[in-house]
Amino acid sequence: MTEGMTHVERVMAALTNEKADRLPAYPIACGVNRKLLNGGKGVSYRDWCHDPKLFAQAFIEGQKYFDFDFAIGLMDLSVMAGDLGAHVRMDEENTPFVDKHIVNSLEDYEKFVVPDIKKGRSGVLIEGTRIYSQALAGQVITAGFLEGPLLALSQTAGAERMFLDMFTDPSAIHKALKVITEYDAEMVKAFGTTGCNGLCWDYLWANYSCLGDAEYGEFEEPYATKLNKLTGENGMALAIHNCADLPHLDTQIKKFKPAIYSMAYYPLIPGSPSASEVIEKGYADNCLVAGQIDPQLFIRGTVEKISKVTSDLCHEVKTALCKRNLNARYCIASGCEVPPDINTKLENIKAVVDVTKKEGRLN
Amino acid sequence: MSKDEILNKLSDAVVTGKIEQAKAGAKEALAANMEALTAINEGLVKGMSIVGDRYAAHQVYLPQVLMSAHTMYAGLDILLPAIPKAQAENMSRCTVAVVEGDVHDIGKNIVKTMLTAGGYDCIDLGKDVPIEKIVSTAEKEKVKVVALSTLMTPTMDGMKDVVDGLVESGYRSKVKVCIGGPPTSPAFAKEIGADHRDSNAQDCVAWLKKAV
């Protein structure tokens, strides 16, 4: 289908609230793209996330196959923890995760050291981002993906341990957070050299199911504020992903002022904000909001089911945008990463993009 | 110190997350010949219920809840061994676990805390637990509830494997299976043959009180 705008034109229109031909589409397909490599036979997760060329090629192939409006290079949420010294369990076909933390006492928070970002998976992430950003330059808006300091600490120390120590010895937590913020700052500067258009931060713990404003304000906001500023200074647009059930929207959208905010929706959780609520409350006025298709549907749903969900979301969003006198300020996306599971159905990802091309059209 | 003062001390200790106060209150309860179950239910559990209500109302958050839970367990460590054997055997047993392949256990730990506060004797199998271990523990320990958690999509099928394992073992009809975790839903619970899915640990305990 010939469309009225290129991917870049459409996203730029959405970002600046100018008229666009349709809503942008970006199911957050990252690790799942590895299934397109090796002539369609795929490569293992382990191989994909250790080789910058394979990492990048997956996004390039994903773009050819699905025709997205963005390419955002999420690897997984154990990259920084692994390079900080935590043990990462690397299954062949599943998302790697930390299975051995490195904080066993309060003193351990003082032992954090910024790793050499040219080594380990931090280096793979940077180099991989460079390759796909250059390959896709001019075709789509590209972004790197980076874990925020509190997320990286929780992955390294263990979330429960970190939360308890926040209560009993906050100074220990701050010592580690300062080092991880330096690590993040080095990563930002490196991403700034790759040619990616934006940098997407995962500030996972801004969630009222986990932390209140006071705790988030103490343990992440000052560090995130510094890193957000640094992101802009290094020539990248600020994007934030937060798949929380009860996200801190006032802080993360109104205060942090990202260009793009990607979020989830949990209909079973009272108070979890739906797409139309987010728009109606003004959060899309100055920010391109993205969401909120249930990632489970990419595994368990049929093409018919996910097409219906996408169509309904397009119409819900267009109605809400119209009421608010906004243009294409909503990107049809998954609420969290499309599961990189071997059972994820590629046809369901394609269906989201194809239905958005039709049902997301704007007059 | 009067009985009420000891109970208030225990409850306040849990609400404010003061472990040493909980230990001292538990010892004082036993020294005053208070029944251990009374000290647990009217002291520690009362405090944990207050914290649970405040958490549900978003008045306190995970750091405070986890600290309160640790405080409750510190008191329980002293009081549980003092429960007469006959009384202990009357407590409903349950097992909680994060299914194999997943190591995210905060949700499971909160459910365990609320189940304990709800009067259950909880067998915590931890995280990344093999299916066979969950099934065999349920049968061997004669539990009335199996509570399963996962944060991740790829490990959801492990919940189905547990239900199937309980069916194969012949123990399914004797146990309620509850599941939780962000990727789960009531529809998924129904699909795999679980009895219940909840987003909230306290609501789950309330459901179990009616169902078991």
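A few notes on this one:
- Placed amide H near A:L204: partners under 5 Å, 5+ positions off or other chain: A:G148, A:L151
- Set of aspartates and glutamates near B:K144 by C-alpha distance (under 15 Å), chain-local residues within fewer than 8 positions excluded: B:E89, B:D121, B:D124, B:D195
- Additional length obtainable on full extension of the chain from A:K41 to A:K100, 0.36 nm per residue less Cα span: 18.1 nm
- Long pairs among B:K3/B:K85; A:K305/B:K190; A:K53/A:K111, criterion Cα-Cα beyond 28 Å: A:K53/A:K111
- Using a Förster distance of 45 Å, the FRET efficiency for B:K3-A:K281 (Cβ separation, nearest 0.05): 0.35
- Filter on B:K23/B:K142; B:K127/B:K160; A:K64/A:K318 - keep pairs with C-alpha separation over 21 Å: B:K23/B:K142; A:K64/A:K318
- The residues neighbouring B:H58, those whose beta-carbon lies less than 13 Å from its own, together hold a net charge of -3 under the Lys/Arg +1, Asp/Glu -1 convention.
- Partners for A:K226 among lysines (Cα-Cα distance below 19 Å; same-chain residues under 8 apart left out): A:K175, A:K178, A:K189, A:K254, A:K255, A:K257
- Of the beta bridges in chain A, as assigned by DSSP with both residues counted there, near 15 percent are antiparallel.
- Global form of the range B:91-211, assessed from the alpha-carbon gyration tensor, a/c cut-off 1.5: rounded
- Relative contact order [Cα under 8 Å, 6+ residues apart], chain B, whole percent: 17 percent
- Restriction of the trypsin sites (Lys or Arg not before Pro) in the range B:141-201 to DSSP coil positions whose beta-carbon has at most 15 other beta-carbons within 10 angstrom yields B:K142.
- Nearby aspartates and glutamates by direct alpha-carbon distance to A:K308 (threshold 15 angstrom, same-chain neighbours under 8 apart not counted): A:D294, A:E316, A:E347, A:D354, A:E359
- Modelled spin-label separation between B:E89 and A:K111, with each label point placed 7 Å from Cα along the Cα-to-Cβ direction: 4.8 nm.
No value in this document is a laboratory result; all are computed from the given coordinates. Source: prediction; values computed, not measured. Heads up, the Cβs are rebuilt from the backbone with ideal geometry, glycines too, and the neighbour counts pull from every protein chain shown.
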